[in-house]
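Just below is one structure, and these are the notes that go with it.
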Amino acid sequence: MNLDFSDDQKLLQSEARKFLEKEQSLQKSRHVLDHQQALDTDLWQQILAMGWTGIRIPEEYDGLGLGHLELCVVAEELGRSLAPVPYSSSVYLFTEAIIKFASDEIKQDLLPKLVSGECVGTVAITEQLLAPTKHNINTKVSNNSVSGTKIAVPDAGIATHAIVICNGVNGIDLRLVELTDRCNIQKQDTIDDSRGHFSIDFNNAESQLVGGDGDGWELLQNLLDQAAVMFSFEQIGGAQAALDMATSYAQQRFAFGRAIGSYQAIKHKLADMYIKLTLAKSNSYYAAWALSTDSVELNVAAATTRVSATQAFNYCAQENIQTHGGNGFTWEYDCHLFYRRAKLLSLNVGSLATWKEKLILGLEKTQTANVKQGV
């Protein structure tokens, strides 16, 4: 594997960074948190105008028709700026599900609306505090009507549609549901309310099948592997911003007549942050290569990058607070914004423990295949 982004992709990343800095995305995230808003509407409209919601959508549906690598570089900048918009749930998850699994009729209806922002999507998976499995999905579909309760659904208060994981006649299904009055949506408190999460009670809500009948669980795992790569780029973007913030503070803050960055304890702290981030970047690039080439290694690559990016962002956000000393624990400094987002992203597509288990199973499967092939 030898992956580097092209000049065009690097230019897209540079322009995305300039745009988000100009729009003061970090300050808008604080404003959304302070005022308990669902999102920053102005920033979301600007992102729609930039065409970022259509990066992966084919041109025939008014999208840009680009690839996963372009989505990766934009995700990194959204993570760096803690953008308070429903991009991850609508683009990494919902849009990808429609592109990969939906019928032509559904694509023709929804994909142009996802580009324009008329439609915002999410994916409803979790029903209880335990990790979802094939055997603990209680939401049911009968006669194309969905009933049951989902919790911790990202951006459901903004979304117009949801892909819902249901227990069908022939197994687990993916069902497309329009969030109408047959869906009771309630806000749930989380550590980072700049990315809102909600519960949804489905009361015989009309639905359409997405993908094969009974194939929902396998399709979901494929979707989560893809999304894990995008989330890892968000996480390394956030981790880099936390490291930059800590480094800048260590250079400017003086104690006993010297910049605190000159003290060994702070040097080691920053070095440890850098090492964990560099490892996570390496794994993210590996996963981006696997995703862009449709490699059979994607499941292992996705789990690897998910684990390392989660650990890196959690560590960098935590040590950024520690580097700032007492100031790091105040509301006025931005340290807690990165800490909040790090903890939230560590759970969005499954916990760290879930992805560690996936990594172990993936490696065991690869090793078994290699033994059978005599490798």
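In table form, for the structure just shown:
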quantity	calculated
Residue selected from segment 144-179 under the condition charged (D, E, K, R) and in contact with a helix residue (DSSP H, G or I) (Cβ under 6 Å, 6 or more places away or on another chain), by the criterion farthest from residue 94 (Cα to Cα)	173
Residue satisfying condition, being at pLDDT below 95, out of contact with any Cys (no Cβ under 6 Å at 6 or more places or on another chain) and on the phi < 0 side of the Ramachandran plot, within set 308, 351, 284	351
Subset of segment 53-81 that is among the small types (Gly, Ala, Ser) and under 21 Å from residue 21 (Cα atoms) - its residue that is surrounded by the most Cβ atoms within 10 Å (Cβ to Cβ)	75
Which listed residue is more than 14 Å from residue 233 (Cβ to Cβ), within 16 Å of the chain's Cα centre (by Cα) and not charged (D, E, K, R), from 89, 25, 81	89
Residues that are at pLDDT below 95 and among the basic types (Lys, Arg), drawn from segment 100-150	134
Residue in segment 338-354 that is farther than 14 Å from residue 79 by Cα, in the same structural domain as residue 233 (by TED's automatic domain parsing) and either among the β-branched types (Val, Ile, Thr) or in contact with an Asp or Glu (Cβ under 9 Å, 6 or more places away or on another chain) (or both) present	yes
Meets criteria (within 24 Å of the chain's Cα centre (by Cα), surrounded by fewer than 19 Cβ atoms within 10 Å (Cβ to Cβ) and not β-branched (Val, Ile, Thr)) for residue 150	no
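The values are calculated or read from the model by the stated rules, or taken from the named source; none is laboratory data. Not measured: the values here are computed from a predicted model. Reconstructed Cβ throughout: ideal geometry from the backbone, glycine too, with neighbour counts over all protein chains shown.
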